[in-house]
Amino acid sequence: MTAPDGSDRETVDSVLVVGASLAGSTVATALREDGFTGRVTVVGDEPHLPYDRPPLSKAFLQGSAPDPWLVPEPDALDVDWVLGTPAVGMTGRSVELADGREVSADVVVIATGARARTLLGADGLRGVHTLRTLDDAAALRSSLATATTMVVIGAGFIGAEVASTAAGLGISVTIVEASTAPLSGPLGLTMAEVCVDLHRANGVTLLLGAAVDSLEGRNGAVTSVLLGDGTVLPADVVVIGIGSIPNTEWAAASGLAIDGGFVTDEQCRTTVPGVYAIGDCARAFDEVLQDHHRSEHWSHAVTQARRVARSIVGAQPAPSGVPYFWSDQYGSRIQFAGRRQSTDSVRVIEGDPEAGSFVAVYERADDIVAVLAMNNARSFTRMRKSLGA
C-alpha cells in the first residue's frame, strides 16, 4: 500500500483505530472493502462491539430496537478488537492503553468521540441520566419502566427525542431549556419554532429561558428539579441533554493540535504525519465554510471514515458530500441537509408547517444552500440530491 499522502515513501502495513464506535468501525470496514490486507487494530474504551447510537434515544428505550451491532460478524472482518481498554496517551503513532500496553501502527486513526456534559451535583442520585452509550440507554430504560414524571434538561435533538419517547410511554414530561430559541442554531429561528412546537402539540410542557438551580433527592433518588425562579418540578427521572465534550484529554501531551477537538485539514489529517482524526472528536476544516467545524451527526462520521480509508489505501477520496442529519420525534421525521448560515433566508416550497408536512429551502444570494423537511422524505431526497450535484 502507498503512504497516506499518496507517495511511495512509506508502505502502510498496519492501521490502528482508536475508538470503536460508528466512525472507528466504519474505517475498519471500509479499509477491508477497499482492499487493505494489512493488520487493523481497533481499540475501544467500552466493552461492547461497535453499535449504532440513533436508536438509543428512541426504539431502544421502548424495548423495540433491532440488533444495534454495526459489525454483525466481527471475526469475518479480520480485525484485532481491543475492547474495554481506553487509550491514555500517545506519542507519534504509538498509543498507550490503560492496562499498560502500547500499540503502534503505520497509520493511526483517532475516533474517540465525545462524552455527555452533565450538571454539577447530578452525580450520586438514582434516576438522573445522561444518554450517550449503550449502558446509559439501558439504565435510562430501566428507570422509565417505573416512572410517572420526567424532566428533560435541554431541548436539543437528543433531549427532544427522549422526551418524545417518554411521552409515548405515558410519562408526564417537562423540558427545561436555558435558551429562548432552541434549535435555532442549526435550523434558524422560524423553522426551529416549527419543530419545537411539536412538544406542545403532543402534551409535553416546554419551559424556555429557564435555569436549573439544583436537583433534589430523597433516600439517594431524585425527586424534583428546582429552577432558578423557585419553581419545583417533580421528577422520578431526570435526563440531562446539554451537549457533549470531545474526548481529547487522553492525547493532551501528544503534540496534536487540539482546540475544541482534534484539529484537522479537509482530508481529516492532524498536525502529526500519519495520524487522522474523525467523527465527534475532530474539528475538520470545511472547504465551503472556510473554517474548522466539529460535527456530531451520524452521516458526517461515516463520510469522514470512508474518505480516510480511501486515503490510506492510496485511492482518490470521495467528495465530502452535503452535511445531513435527521431526527424522529412524536411520529414525525425531521430531515436537514446543507450548510446554513445565520444570514440565509428560508422559504417553504411545499406543504404547510401547520399541517405537519412541508419542505423548506434556505437561500443565499439566490442559491439554495440547504433544505429542511418534515414528513416529506420523497421531496427531501430529491432536493438533497440536487444540493449534492
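Going by how many other Cβ atoms sit within 10 Å of their own, how do ARG93, ARG218 line up, fewest first?
Ascending number of Cβ neighbours within 10 Å: ARG218, ARG93.
Using alpha carbons only, how many angstrom separate the centre of region 322-371 from the centre of region 62-97?
35 Å
So if we plug the beta-carbon distance of GLU266 and SER142 into 1/(1 + (r/R0)^6) with R0 = 41 Å, what FRET efficiency do we get, rounded to 0.05?
So the FRET efficiency works out to roughly 0.45.
If we count every other residue with Cβ under 15 angstrom of ALA65's Cβ, Lys/Arg +1 and Asp/Glu -1, where does the sum land?
It works out to a net charge of -3.
Tell me the volume per residue, in Å³, of the convex hull enclosing the alpha carbons of region 118-242.
Dividing the Cα hull volume of region 118-242 by its residue count gives 98 Å³.
Considering the convex hull of the alpha carbon atoms of the chain, report its projected area averaged over all viewing directions, in nm², one decimal.
Orientation-averaged projected area of the Cα hull: 20.0 nm².
Cut-off is 10 Å between beta-carbons; in what order do SER379, SER386 appear when sorted fewest neighbours first?
Ordered by Cβ neighbours within 10 Å, fewest first: SER386, SER379.
Quick one: net charge around ILE175, please, counting Lys, Arg +1 and Asp, Glu -1 for every other residue with C-beta under 15 Å from its C-beta.
Once positives and negatives cancel, what remains is -3.
How big is region 289-348 along each principal axis, measuring the range of its Cα positions in Å and listing the largest first?
43, 31, 19
Show the residues, 5+ positions off or on another chain, whose built amide H is closer than 5 Å to the amide H of VAL17.
It is THR41, VAL42, VAL43, VAL109, by chain and number.
What is the distance, in nm, between label points placed 7 Å from the Cα along the Cα-to-Cβ direction at ARG126 and at THR231?
Those two pseudo-labels are separated by 2.9 nm.
Would you pull out the residues with amide H under 5 Å of ARG115's amide H, same chain only if 5 or more places away, H placed 1.01 Å from N?
Amide H to amide H, under 5 Å and 5 or more residues apart or across chains, ARG115 pairs with ILE245, ASN247.
Once you have a ≥ b ≥ c as the square roots of the Cα gyration tensor eigenvalues for region 177-258, tell me rounded if a/c is under 1.5, and otherwise prolate or oblate according to whether a/b is larger than b/c.
Verdict is oblate for region 177-258.
Tell me, what HN-Hα J-couplings in whole Hz come from the Karplus equation 6.51 cos²θ - 1.76 cosθ + 1.60 at θ = phi - 60° for each residue of region 79-92, using x for Gly and Pro?
Karplus-based 3J(HN,Hα) across region 79-92 equals 10, 7, 8, 10, 10, x, 9, x, 7, 10, x, 8, 10, x Hz.
For ARG117, ARG141, what ranking results if the residue with the fewest other Cβ atoms within 10 Å of its Cβ goes first?
ARG117, ARG141
Hey, can you rank 220-227, 367-374, 273-280 by average C-beta count inside 10 Å, highest first?
The densest-packed peptide leads the list: 273-280, 367-374, 220-227.
No value in this document is a laboratory result; all are computed from the given coordinates. All values derive from a computational prediction rather than experimental measurement. No Cβ is skipped: glycine too gets one built from the backbone with ideal geometry, and neighbour counts run over all protein chains shown.
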